[in-house]
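Here is the structure we will look at, set down as structure tokens.
The values are calculated or read from the model by the stated rules, or taken from the named source; none is laboratory data. If you're wondering where the values come from, they're calculated on a predicted model, not measured in any experiment. Cβ atoms come from the backbone with ideal geometry, glycine included; neighbour counts cover every protein chain shown.
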Amino acid sequence: MKRILVIDDAATVRLYHRSILEELGFEVSEAVNGLEALERVAEGDFDLYLVDINMPKLDGYGFLRELRGKDMPQAPAIMVSTEAGANDQKLAFLSGANLYIVKPVRPERLASHVLTLLGMTSNGRGAPS
Amino acid sequence: MALAFKKVTVVVSEQMTVEDAEVLLDWLIKHPRGRINLSACTHLHAANLQVLMAARPRISAWPRHAPLAAWIKAALTP
Amino acid sequence: MNPLLDQFITEGRDILQTIGERLLQLEDTPDDSALMGELFRLVHTLKGNSGLFDLPEMTRVLHAAEDLMDAVRDGRRPFDRPVADRLLEAMDFVLALIDEIGDSAESAPPNTARHANDALELANALRSLLAAAQATTPTATETEPAPSPTPAAIPFESLPSRIQQELAQRLEAGEPLCWLTYEPEEECFFKGEDPFHQVLQLGEPYWRRVSSREDWAPLDELDAYRCILRFEAILNTPAEALHEHFRYIPEQVQIVPLQPPAPSIAPAPSSEPPPDAETAWSFNVVLEAQREILGLTDNPPWLSGRLRAVATTLEAAFASIGQAVDRDALQQALHSADASQSSQPLLHWLDEQQRLGDTQLPAAAPPPTTATAARPEAPEAEEPIKFGRRAEDRLAGHTLKVDQVKIDRLMNLIGEMVVTKNALPYLANRAEEVFGTRELAREIKAQYGIINRIAEEMQDAIMQIRMMPVSFVLQRFPRLVRDTARRLGKEVRLVMEGESTEADKNIIEALADPLVHIVRNSLDHGLESPAERRASGKPSEGRLTISARQESDRVVIEISDDGRGIDPERIRRKAYERGLIGEPELERLTDQEAINLVFAAGFSTAEQVSDLSGRGVGMDVVRNAIACVNGTVELHSQLGQGTRLQLSLPLSMAVTNVMIIESAGQRFGVPMDTVAETVRVARNDIRTIKRRLTTVLRGRLVPLVTLNDLLGLTIEQAPNGDDEFAVLVVRIGPDPLGIIVDDCRETIDIILKPLTGILAGLGGYAGSALLGDGSVLLVLNPRELL
């Protein structure tokens with residue numbers, strides 16, 4: 001089963017993302033900030049990261065820079081922002097995000113991106129294992 | 001009052017509200033050659049835009065407010 | 001209610017609480033950038049959360065608040081009182097909405113549209129502060145995103161060639177161009193919408209068109225209020241931002257991200273997307289993003305990881321549309337990109353791959369590579385699932401949030417248990433006295449001892465659960481003090497200590513109203529105006545301290561101020577004027593006794609009744625409220641220096657230990673915490689001194705009263721066979737006092753219930769309790785009796 005790490009300091013957002021992702025059949029882990037996310041990463045690999053920007057201790061940019069600096073398999077990361085600014089998007093890409101989306105993310109939209117980033121065909125989309 | 005009616009010209013003030021559309025339409029029906037002065041206008045409600053598009057009156061002055069002018073020109077000059 | 005909404009409400013309340021605290025802290029230390037940052041993040045988080053639900057009113061206000069905080073954080077606007085006031089007001093509004101949502105039993109949030117006007121006003125008020133700031137800081141920019149129009153079927157070719165070329169270049173440069181078509185619904189004007197306004201908010205498009213969805217009717221038949229407009233535009237705005245902009249009317253817009261053209265400009269997808277248009281769309285968005293990333297020219301330490309992530313992403317993206325990937329070539333490209341620290345090899349690979357795949361969107365889904373093609377190209381690095389990890393990940397913490405109702409139920413059950421258990425000694429007595437089986441009686445008593453111990457431990461455990469920190473009631477005071485002081489034109493610094501001190505939930509809750517009253521009294525009457533304070537040589541800022549601490553089995557709350565204090569002379573005079581004391585007392589009362597007169601019913605020292613303390617509610621109400629939970633109030637005051645009120649409350653009110661006494665043929669309970677000792681006093685040892693009954697206990701003169709007198713009964717107290725009277729020595733004031741009763745019996749634990757109904761007005765009783773034999777025991781309150 002694909003493992004996805006949801007990193008957001010808002011419990012509501014984590015639950016929202018978790019419910020969407022679990023419905024798709026993924027295994028979801030959570031972290032409340034960048035530092036905790038790095039701890040999770042140290043415990044095992046993930047296939048995808050959903051990263052909030054504004055978080056205490058270590059923000060999403062910082063987490064991605066740390067993550068991309070590691071000598072380990074590099075899974076795609078989606079940066080989830082509340083700002084639709086071109087600058088924010090560029091900063092996200094510079095830091096190592098692979099996709100930049102804006103909250104609130106519609107479930108089907110998030111699902112679509114996640115499936116794409118995990119390399120699942122449209123056949124697999126209907127009934128993920 | 002958002003509209004000041006001269007002989008053959010309506011001078012539109014800053015904002016044209018949704019209610020103004022009916023007044024504008026009536027006037028345009030009665031004055032088929034009427035002109036519109038939009039220079040002071042900074043926003044007009046979409047209902048007014050509809051009336052202008054349907055009636056295609058002469059615009060004696062476009063809005064000085066550039067973004068609004070650009071949209072109205074796009075609407076009235078296909 | 002659905003769990004997500006539940007979570008939102010819980011988290012929302014927590015966040016609002018913290019926002020309120022931080023705002024007040026920030027008023028003291030407006031330069032604390034860490035605090036500012038946290039505050040911004042909290043507002044931001046809450047706004048993000050609200051956006052998950054259909055709560056436009058809440059989102060609107062929070063958005064405005066966030067923008068304002070952003071300006072404050074960036075130094076574009078100072079953090080001052082108007083900012084704090086507006087933000088607090090906005091948070092009150094949000095809290096009200098959250099409460100409303102929390103109160104509704106629906107699984108979806110209730111429609112909060114009737115607050116739309118309030119929301120608008122609040123948002124405007126917040127933004128007006130922002131506008132004021134921006135007027136002085138011309139560099140500030142609009143934060144509103146600029147969306148654009150989309151076509152039903154994009155007649156790309158119909159665009160002027162100049163525009164086509166420009167768009168092609170921009171797309172090549174990686175600009176996130178979108179085509180927006182917006183067809184407002186016909187009756188939208190009647191909903192107060194102004195589509196033109198929406199469109200103007202989008203910002204300057206590269207191209208635009210306004211048309212009608214049907215031919216215009218002749219003017220005299222035209223219905224100006226049936227909207228048949230169609231807006232189209234091409235904008236440099238990410239599709240997500242456009243979706244956000246039209247969040248509440250998604251069905252009226254089409255938003256199509258434009259693709260970089262192959263040789264010539266490719267038309268965007270047609271109006272009726274193929275079944276898996278979503279897949280294709282996502283694929284394109286992802287590919288576009290990777291191109292943009294590969295186009296970055298910086299060279300950070302994490303470049304290698306970033307490139308590898310792009311490679312992984314590209315491989316996955318192609319897999320997602322079923323297009324085979326030459327993995328070796330990709331690895332090779334990645335390798336040389338890594339070695340040369342340049343994105344070029346990967347870009348080259350991507351060009352090649354796209355050419356192979358016919359570049360554009362797959363027309364149809366490819367045949368699945370396996371029967372269950374969910375993960376056809378799964379990276380080899382994938383590890384087997386680690387069972388058990390999931391449970392760990394989900395362990396949010398070691399705290400369990402439990403509904404108060406469940407705890408209350410537990411509390412009631414243990415209460416019944418205690419009462420039922422008390423029936424066992426009766427049973428034992430009956431076994432012995434009625435049935436004459438002493439053996440059985442002893443066994444019952446032994447079992448009773450065990451059950452008693454377990455019940456006590458259980459009680460203790462439940463009481464621990466019910467313990468709450470005093471901060472639960474103290475948290476409202478920073479705001480209350482701030483607002484009240486401001487209204488009164490006073491400067492007050494609130495100091496709170498020992499907020500983590502814990503006590504039973506009922507005690508804490510009983511504390512809330514009296515505390516508010518005391519604090520308001522202090523602000524109203526105790527603390528002086530800044531001018532008055534300066535005139536008497538004090539700092540203009542008054543100080544109000546609320547402290548809490550535990551003292552053995554009591555929790556002690558102290559409220560003190562450095563205000564003008566209470567003038568005993570004035571109290572005496574007022575009390576005399578109001579007929580509360582007579583002339584002799586006027587002379588005789590000590591200062592402390594005079595001060596205590598403020599607790600007398602109907603006493604109010606306020607020269608003028610303010611709207612804060614109100615009329616008619618005095619300190620007597622405070623004292624009674626505290627007494628209701630077996631608490632006491634002590635008042636100390638030094639004229640000109642301040643006032644200190646000390647509340648002492650039991651840690652728990654759950655179980656009361658009472659002694660059963662008999663008098664006039666009835667049984668009464670007396671709380672053990674007032675009983676110092678019980679003694680038997682021979683009739684001969686009772687003397688009448690100055691018309692008062694007294695006796696000597698261990699060399700000390702102790703005044704005596706009879707319970708029957710206190711209860712207004714004209715019956716003599718009955719002595720025992722040896723002509724001795726049972727005396728209950730209580731310690732209420734500084735000196736002990738004896739209450740003569742007919743007999744003192746055992747002590748028992750009871751669940752004390754306050755008297756209700758017509759009995760509630762009855763003075764002298766602490767309440768009633770149900771006994772094990774089913775009878776009702778009235779529990780006396782000696783403090784009130786005397």
Next on the checklist: For the condition out of contact with any helix residue (DSSP H, G or I) (no Cβ under 9 Å at 6 or more places or on another chain), in the same structural domain as C:Leu35 (by TED's automatic domain parsing) and not in a loop (DSSP other than H, G, I, E, B), what is the one hit in C:Glu121, C:Glu89?
Outcome noted: C:Glu121
Checklist outcome for this item: Conditions (1) at pLDDT below 85; (2) touching a Ser or Thr at 6+ places or on another chain (Cβ under 6 Å); (3) over 28 Å from A:Gln89 (Cα atoms) -> C:Ser158 fails only (2)
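Could you grab me the full set of residues in region C:209-244 that are part of a strand (DSSP E or B) and farther than 14 Å from B:Ala46 by Cβ?
The answer is C:Arg209, C:Glu232, C:Ala233, C:Ile234, C:Leu235, C:Asn236.
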Checklist entry - Name the residues in region C:1-43 that are facing chain A (nearest Cβ under 10 Å), in a helix (DSSP H, G or I) and in contact (Cβ under 8 Å) with a residue 24 or more places away in the chain, would you? => result C:Leu4, C:Leu5, C:Phe8, C:Ile9, C:Thr10, C:Glu11, C:Gly12, C:Ile15, C:Gly37, C:Phe40, C:Leu42
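Hey, among the residues in region C:179-204 that are part of a loop (DSSP other than H, G, I, E, B) and within 9 Å of chain B (Cβ to nearest Cβ), which one's surrounded by the most Cβ atoms within 10 Å (Cβ to Cβ)?
C:Pro184
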Next on the checklist: If C:Leu52 meets every condition in (1) in a helix (DSSP H, G or I); (2) within 12 Å of chain A (Cβ to nearest Cβ) apart from one, which number is that one?
Outcome noted: (1)
Checklist entry - How many residues does region C:292-337 contain that are more than 10 Å from every other protein chain (Cβ to nearest Cβ), closer than 18 Å to A:Glu66 by Cα and modelled with pLDDT of 85 or more? => result 0
Next on the checklist: Is it the case, given these coordinates, that A:Glu36 is more than 8 Å from chain C (Cβ to nearest Cβ) and at pLDDT 90 or above?
Outcome noted: yes
Item to check | Residue check, C:Ala718 within 14 Å of C:Ala676 (Cα to Cα), out of contact with any Leu (no Cβ under 8 Å at 6 or more places or on another chain) and surrounded by 15 or more Cβ atoms within 10 Å (Cβ to Cβ) | outcome: no
Checklist entry - Can we say B:Lys30 is away from chain C (no Cβ under 11 Å), without any contact (Cβ under 8 Å) to a residue 12 or more places away in the chain and of a type in the set (Lys, Arg)? => result no
Next on the checklist: Conditions first: (1) more than 7 Å from chain C (Cβ to nearest Cβ); (2) of a type in the set (Val, Ile, Thr); (3) over 22 Å from A:Thr12 (Cβ atoms). A:Val114 passes all but one, so which condition is the exception?
Outcome noted: (3)
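Got a number for residues in region A:30-80 being small (Gly, Ala, Ser) and part of a loop (DSSP other than H, G, I, E, B)?
3
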Checklist entry - Is there a residue being farther than 20 Å from C:Ala233 by Cβ and within 8 Å of chain C (Cβ to nearest Cβ) anywhere in region B:58-76? => result no
Checklist outcome for this item: Pairing a residue in region C:410-438 that is touching a residue at least 12 places away in the same chain (Cβ under 8 Å) and within 12 Å of C:Ile750 (Cα to Cα) with any residue that is among the aromatic types (Phe, Trp, Tyr) and in a helix (DSSP H, G or I), where Cβ atoms lie under 8 Å and the two sit 6 or more apart in sequence or on different chains, gives C:Lys421/C:Tyr448
Checklist entry - Taking region C:399-446 as the search range and keeping residues that are part of a loop (DSSP other than H, G, I, E, B) and at pLDDT 85 or above, which one is surrounded by the most Cβ atoms within 10 Å (Cβ to Cβ)? => result C:Thr437
Checklist entry - Do the conditions hold for C:Ala90, that is, is it surrounded by 14 or more Cβ atoms within 10 Å (Cβ to Cβ), more than 14 Å from the chain's Cα centre (by Cα), within 14 Å of chain A (Cβ to nearest Cβ) and among the aliphatic types (A, V, I, L, M)? => result no
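Table: residues versus (1) touching a Pro at 6+ places or on another chain (Cβ under 9 Å); (2) surrounded by 22 or more Cβ atoms within 10 Å (Cβ to Cβ).
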residue	(1), (2)
C:Gly12	no, yes
C:Asp28	no, no
C:Thr45	no, yes
C:Gly51	yes, yes
C:Ala64	no, yes
C:Val72	yes, yes
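Every residue, every condition in (1) under 22 Å from A:Glu108 (Cβ atoms); (2) at the interface with chain C (Cβ under 8 Å from one of its Cβ atoms); (3) within 13 Å of the chain's Cα centre (by Cα), yes or no:
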{"site": "A:Ile4", "(1), (2), (3)": "yes, no, yes"}
{"site": "A:Thr12", "(1), (2), (3)": "yes, yes, no"}
{"site": "A:Arg18", "(1), (2), (3)": "yes, no, yes"}
{"site": "A:Ala42", "(1), (2), (3)": "no, no, no"}
{"site": "A:Val51", "(1), (2), (3)": "yes, no, yes"}
Checklist entry - Looking at region C:482-502, which of its residues are touching a helix residue (DSSP H, G or I) at 6+ places or on another chain (Cβ under 8 Å), outside any helix (DSSP H, G or I) and crowded, with 19+ Cβ neighbours inside 10 Å? => result C:Lys490, C:Val492, C:Leu494
